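Contents: one structure, followed by commentary.
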Amino acid sequence: MDKNERKLNQDESEIYERDRYREETSAEFAAPTVFGRDQEMVTARDEMTAGRGFGYAALILSILSLFVWPILFGAAGIVLGFIAQRRGAVSLGAWAIGIGAFSIIIGIFILPFF
């Protein structure tokens with residue numbers, strides 16, 4: 001080994017000893033990208049549509065429970081109302097839950113006297 005190679009090896013060993021942990025930082029400087037944004041929007045729209053469908057079904061069952069089988073249809077309307085609320089149809093689900101609960105209360109406490 002000549003003098004230049006020894007000096008180079010000595011300089012490299014100092015660099016590696018002194019700055020032992022060198023990391024690549026190019027990832028921090030890259031612009032963030034979002035993949036699949038369109039898919040998320042389509043999925044959210046499908047869930048909202050499914051929530052409205054559950055909401056209308058729950059509302060129909062709850063209104064039907066005012067006239068026929070209040071315990072069965074009222075309970076089904078309440079359950080579907082909760083599902084509709086979880087899927088995004090908050091007002092439809094709330095109305096279905098309220099009407100279904102009202103129908104069950106009327107069916108249990110008032111209708112037996114008639």
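The values are calculated or read from the model by the stated rules, or taken from the named source; none is laboratory data. Source: prediction; values computed, not measured. In this analysis, Cβ positions are derived from the backbone assuming ideal geometry, glycine residues included, and neighbour counts consider all displayed protein chains. Only protein heavy atoms, including side chains, enter the accessible area calculation; ligands, DNA and RNA are left aside. Shrake-Rupley method; radii C 1.70, N 1.55, O 1.52, S 1.80 Å.
Suppose we keep only residues that are of a type in the set (A, V, I, L, M, F, W, C) and part of a loop (DSSP other than H, G, I, E, B) within segment 78-112. Which one would you say is surrounded by the most Cβ atoms within 10 Å (Cβ to Cβ)?
Start the filter on segment 78-112 by keeping residues that are of a type in the set (A, V, I, L, M, F, W, C), which leaves 78-80, 82-84, 89-90, 92, 94-97, 99, 101-102, 104-106, 108-111.
Imposing the further condition that a residue be part of a loop (DSSP other than H, G, I, E, B) reduces the set to 89, 110.
Values: Ala89: 26, Ile110: 9.
Residue satisfying both the conditions and the ranking: Ala89.
Within segment 59-77, if we keep just the residues that are within 19 Å of Thr49 (Cα to Cα) and hydrophobic (A, V, I, L, M, F, W, C), the residue that is most open to solvent (accessible area, probe 1.4 Å) turns out to be Ile60.
Each row is one residue, and each column tells you yes or no for (1) in contact with a Ser or Thr (Cβ under 7 Å, 6 or more places away or on another chain); (2) of a type in the set (Lys, Arg); (3) at pLDDT 90 or above.
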site	(1), (2), (3)
Ala58	no, no, yes
Leu61	no, no, yes
Gly77	yes, no, yes
Ile83	no, no, yes
Arg86	no, yes, yes
Val90	no, no, yes
Trp95	no, no, yes
